[in-house]
Amino acid sequence: MTKVTAQMSVSLDGFYTGPRDTRNPQDMSGWMRGPEAPGFFRVTRWAVDAAAWRERQGFAGGERSVDSEIVEETFAAAGAYVMGRRMFDAGEFPWGDEPPFHAPVFVVTHRPREVLERQGGTSFTFVTEGPGRAVELARDAAGGKDVAVAGGGELLRQVLTAGLLDQFDLHIAPVLLGEGQHLFAGLGLGADDGIELVPARVVDSPGVTHLRYTVTGRAKLVLDDRGASGDLVGPAQAEQRSAL
């Protein structure tokens, strides 16, 4: 069954890059010297060092580790991708003629463009009708495999708050960045609203902790006075107490 999945690497305090760079993301030389890059490369170091990631990018070397196994698993599960236009703009030229996706990619954008065909099975289709439509098209193209929301953070938040996400993998790097782009900022939840998740997997490695959640969706938050009322005490315990 096709699931809509997403993953993101973050610092322990929840940032996935440094502060936003307002310059053109296609200017990668400038971006590398800007405020986003140091934080981004720190939280994604575990993936860049993994052999499976490097092989997918056409690079040599890398470590054979549990991190590499998780990268390999992630690529194998995806039959189609959804990404934001800013991520596409930043990656179009560095990815080259054979991007690492090897599957259809649907780019959420306000700027129309013809379908871009690349080698290795990757194509970029530009969707102007919003994230929901992009996910719908990706489901049709995924061939029964998963639809992976590739990023960036703004698109992931939109998919999450729209109730479109089934599975969420969070990779937590052991570093505090202090400032930057916070993954969960601006979810638009009310004071008594939350998005509930169920833990499904925890994988530890020296450089990162991999968490997997099943997303169950929005739910109302309830004031909990069970500690004060004693409702947490079961009948048997209550009987024992009354006998004392």
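The values are calculated or read from the model by the stated rules, or taken from the named source; none is laboratory data. On a predicted model such as this, the values are computed, not experimentally measured, just so you know. Using ideal geometry, Cβ is built from the backbone for each residue, glycine included, and neighbour counts are taken over all protein chains shown. Surface areas here come from the heavy atoms of the whole protein model, side chains and all, with no ligands, DNA or RNA. Shrake-Rupley method; radii C 1.70, N 1.55, O 1.52, S 1.80 Å.
Summary table below
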quantity: Scope the stretch 185-207; condition touching a helix residue (DSSP H, G or I) at 6+ places or on another chain (Cβ under 9 Å), closer than 21 Å to Glu154 by Cα and modelled with pLDDT of 95 or more; matching residues; calculated: Ile195
quantity: Checking Pro99 against (1) within 27 Å of His210 (Cα to Cα); (2) open to solvent by 10 Å² or more (accessible area, probe 1.4 Å); (3) over 18 Å from the mean Cα position of the chain (by Cα); (4) not polar (S, T, N, Q), the condition it does not meet; calculated: (2)
quantity: Scope the stretch 153-165; condition open to solvent by 30 Å² or more (accessible area, probe 1.4 Å) and not aliphatic (A, V, I, L, M); matching residues; calculated: Glu154, Arg157, Gln158, Thr161, Gly163
quantity: Residue within the stretch 38-55 that is more than 18 Å from the chain's Cα centre (by Cα), of a type outside the set (Gly, Ala, Ser) and over 26 Å from Gly178 (Cβ atoms) present; calculated: yes
quantity: Looking only at the stretch 138-150, and only at residues there that are surrounded by fewer than 19 Cβ atoms within 10 Å (Cβ to Cβ) and not charged (D, E, K, R), the one that is nearest to Ala80 (Cα to Cα); calculated: Ala141
quantity: Conditions (1) touching a residue at least 24 places away in the same chain (Cβ under 8 Å); (2) open to solvent by 70 Å² or more (accessible area, probe 1.4 Å); (3) small (Gly, Ala, Ser): number failed by Ser65; calculated: (2)
quantity: Pair list, Cβ < 6 Å and 6+ apart or interchain, from the stretch 35-58 residues that are farther than 22 Å from Gly96 by Cβ to residues that are part of a loop (DSSP other than H, G, I, E, B) and small (Gly, Ala, Ser); calculated: Pro35/Gly18; Pro38/Gly18; Gly39/Gly18; Gly39/Gly180; Trp46/Gly207
quantity: Qualifying positions in the stretch 120-137 - closer than 25 Å to Gln181 by Cβ, crowded, with 18+ Cβ neighbours inside 10 Å and in contact with a Pro (Cβ under 9 Å, 6 or more places away or on another chain); calculated: Phe124, Phe126
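Residue-by-condition table, conditions (1) at pLDDT 95 or above; (2) open to solvent by 60 Å² or more (accessible area, probe 1.4 Å); (3) assigned to a helix (DSSP H, G or I):
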{"position": "Thr5", "(1), (2), (3)": "yes, no, no"}
{"position": "Tyr16", "(1), (2), (3)": "yes, no, no"}
{"position": "Asn24", "(1), (2), (3)": "no, yes, no"}
{"position": "Ser29", "(1), (2), (3)": "no, yes, yes"}
{"position": "Gly34", "(1), (2), (3)": "no, no, no"}
{"position": "Trp46", "(1), (2), (3)": "yes, no, yes"}
{"position": "Phe59", "(1), (2), (3)": "no, yes, no"}
{"position": "Ile70", "(1), (2), (3)": "yes, no, yes"}
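Quick grid of which residues meet (1) at pLDDT below 95; (2) loosely packed, with under 11 Cβ neighbours inside 10 Å; (3) of a type in the set (Val, Ile, Thr); (4) assigned to a helix (DSSP H, G or I):
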site: Thr209; (1), (2), (3), (4): no, no, yes, no
site: Thr214; (1), (2), (3), (4): no, no, yes, no
site: Val222; (1), (2), (3), (4): yes, yes, yes, no
site: Gly227; (1), (2), (3), (4): yes, yes, no, yes
site: Leu232; (1), (2), (3), (4): yes, yes, no, no
site: Ala236; (1), (2), (3), (4): yes, yes, no, yes
site: Ser242; (1), (2), (3), (4): yes, yes, no, yes
